[in-house]
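Taking it in order: structure first as structure tokens, then the write-up.
The values are calculated or read from the model by the stated rules, or taken from the named source; none is laboratory data. As the structure is a prediction and not an experimental result, all values here were calculated from the model. Positions of Cβ are generated from backbone atoms using ideal geometry, with glycine treated the same way; all protein chains shown enter the neighbour counts. Side chains included, ligands, DNA and RNA excluded: accessible areas come from the protein's heavy atoms. Shrake-Rupley method; radii C 1.70, N 1.55, O 1.52, S 1.80 Å.
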Amino acid sequence: VTDVDYSLYPSRELQRDWLTAYLESYKHSTGREATVTDAEVTQLYIQVCKFSLASNFFWGLWAILQSRYSSIDFDFQRFVHVVKVPHC
């Protein structure tokens with residue numbers, strides 16, 4: 001990837017819609033009332049954002065190590081600067 005287009009990342013609204021559908025499906029599959037509150041969606045959204053940050057931190061550290069030790073011909077240091085989490 002030479003250029004990352006962060007405008008392709010799902011909007012906050014789309015993410016919340018997806019999380020709502022996810023929670024409704026989860027509740028339905030576990031035999032619970034499928035009604036989802038805004039507070040539940042917000043709580044899950046915050047958790048997803050935190051895990052996204054942790055995941056990107058991991059990949060950034062991985063790229064730093066690869067830039068030092070890997071024999072693969074790839075610009076790992078540039079990759080470190082590309083790893084970001086938009087919309088969180």
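For S11, the accessible area of its heavy atoms, probed at 1.4 Å with every protein chain present, is near 50 square angstrom.
The stretch between A54 and H28, if pulled fully straight at 0.36 nm per residue, gains 6.4 nm over its current Cα-Cα span. Once you've got the GNM for the chain with C-alpha springs shorter than 10 Å, pick whichever of L61, L44, L19 has the biggest mean-square fluctuation. So, out of L61, L44, L19, the one fluctuating most is L61. Ordering G60, H28, V4 by the projection of their Cα atoms onto the charge dipole of the chain, which places +1 on the Cβ of Lys and Arg and -1 on the Cβ of Asp and Glu, puts G60 at the extreme positive end. When the chain is treated as a GNM, springs tying every alpha-carbon pair under 10 Å, which of I46, I64, I72 comes out with the largest mean-square fluctuation? Its mean-square fluctuation being the largest, the pick is I72. Helix 12-29 and the longest principal axis of the Cα set of the chain meet at an angle near 60°. Only Lys, Arg, Asp and Glu carry charge here, each on its Cβ (+1 for the first two, -1 for the last two); on that basis the chain has a dipole of about 300 debye about its Cα centre.
Go through the stretch 32-72 and name the trypsin sites (Lys or Arg not before Pro) that are in a DSSP coil and have 16 or fewer other Cβ atoms within 10 Å of their Cβ.
Values: sites: R32, K50, R68; in loops: R32.
Qualifying residues, ordered by number: R32.
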